[in-house]
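Each remark here refers to the structure printed beneath this line.
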Amino acid sequence: NAGVTQTPKFQVLKTGQSMTLQCAQDMNHNSMYWYRQDPGMGLRLIYYSASEGTTDKGEVPNGYNVSRLNKREFSLRLESAAPSQTSVYFCASNILSTNEKLFFGSGTQLSVL
Amino acid sequence: GEDVEQSLFLSVREGDSSVINCTYTDSSSTYLYWYKQEPGAGLQLLTYIFSNMDMKQDQRLTVLLNKKDKHLSLRIADTQTGDSAIYFCAENDNAGNNRKLIWGLGTSLAVNP
């Protein structure tokens with residue numbers, strides 16, 4: 001079972017470039033999330049999608065956009081990358097947003113120069 | 001505001017018990033979680049405890065909850081080198097809403113042979 005798959009695993013961008021991080025889950029989960037992980041800051045929620053067709057802002061949404069393309073896929077877009085967006089990005093999913101078990105992807109390490 | 005605090009580092013010898021501690025501030029949390037992150041990987045749910053429980057045991061893992069002191073601990077018996085990882089404590093709000101998970105910064109456990 002693949003679980004939660006994120007692509008790419010690594011990316012280097014120049015300031016001002018745009019890119020989309022892809023996430024797909026094959027567990028028929030309703031809810032999907034994007035987190036960023038920074039040293040000394042822990043995990044912070046960027047955006048989430050409680051169900052197909054809905055998206056909501058998390059704790060740190062500025063500079064990002066998301067698309068819940070279908071039930072399986074939830075993408076995160078950086079329109080104009082900034083060095084402050086250098087981070088490790090994790091996609092996660094669960095059956096319902098009230099369910100206790102989050103399944104995480106293996107992460108995307110992004111560097112913005 | 002809501003906060004979860006953990007010590008950042010713990011070092012133990014193989015075969016000893018490890019105890020990772022966490023304090024939280026939101027007394028209305030319904031679930032408290034322990035996630036494990038191995039190097040280069042996403043987080044995996046290790047165990048969780050409902051707020052109306054004092055203890056939960058699962059093989060080598062024992063979770064203790066002291067609601068009066070808002071203190072959560074994870075004990076790993078017979079710690080192995082494969083247990084070396086970062087352990088995150090997290091709590092959610094009283095609606096059981098995952099999008100409001102509050103994460104600790106993680107405790108890095110080093111197991112020495």
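The values are calculated or read from the model by the stated rules, or taken from the named source; none is laboratory data. Small disclaimer: the values here were computed from a predicted structure and weren't measured. Using ideal geometry, Cβ is built from the backbone for each residue, glycine included, and neighbour counts are taken over all protein chains shown. SASA here: full protein model, heavy atoms, side chains in, ligands and nucleic acids out. Shrake-Rupley method; radii C 1.70, N 1.55, O 1.52, S 1.80 Å.
Overview of values
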item	result
Solvent-accessible area per residue, Å², over segment A:23-113 with all protein chains present [probe radius 1.4 Å]	42
Reduced Cα scattering model of the protein assembly as shown, Debye log10 I(q)/I(0), q = 0.13 Å⁻¹	-0.76
Per-residue ³J(HN,Hα) for segment B:13-24, Karplus 6.51 cos²θ - 1.76 cosθ + 1.60, θ = phi - 60°, Hz, x for Gly and Pro	8, 4, x, 7, 8, 10, 10, 10, 10, 8, 10, 9
Mean projected area (nm²) of the alpha-carbon convex hull when chain B is viewed from all directions	6.7
Cα-projected label distance for B:Glu5 with A:Thr86, points at 7 Å along beta-carbon direction, nm	3.0
Accessible solvent surface per residue of chain B, calculated while the other protein chains remain in place, 1.4 angstrom probe, Å²	49
Potential extension, A:Lys57-A:Gln109 segment - 0.36 nm per residue separation minus Cα distance	16.6 nm
Reduction of at least 20 Å² in accessible surface, 1.4 Å probe, comparing all protein chains with the chain by itself, residues of segment B:42-78	B:Gly42, B:Leu43, B:Leu45, B:Tyr48
Carbon + sulfur, % of accessible area of segment A:1-85 - ligands and nucleic acids excluded, 1.4 Å	47
Segment A:28-34 - phi-based ³J(HN,Hα) in whole Hz, Karplus 6.51/-1.76/1.60, Gly and Pro as x	6, 7, 7, 9, 9, 9, 10
Interface burial for B against A (accessible surface, 1.4 Å probe, total of both chains, Å², rounded to 100)	1600
B:Glu14/A:Lys101 FRET efficiency (R0 35 Å; Cβ-Cβ; nearest 0.05)	0.75
Pairwise FRET efficiency - A:Gln17 versus A:Glu73, Cβ, R0 = 25 Å, nearest 0.05	0.65
Point-to-point label distance, B:His71-B:Glu38, nm (Cα→Cβ direction, 7 Å offset)	3.2
Cβ-Cβ FRET estimate between A:Asn65 and A:Thr7, R0 fixed at 22 Å, reported to 0.05	0.80
Percent of Cα-Cα distances greater than 20 Å, calculated over chain A	33
Reduction of at least 20 Å² in accessible surface, 1.4 Å probe, comparing all protein chains with the chain by itself, residues of segment A:83-107	A:Phe90, A:Ser97, A:Thr98, A:Glu100, A:Lys101, A:Leu102, A:Phe104, A:Ser106
Segment B:4-113, accessible surface, carbon-and-sulfur percent (1.4 angstrom probe)	49
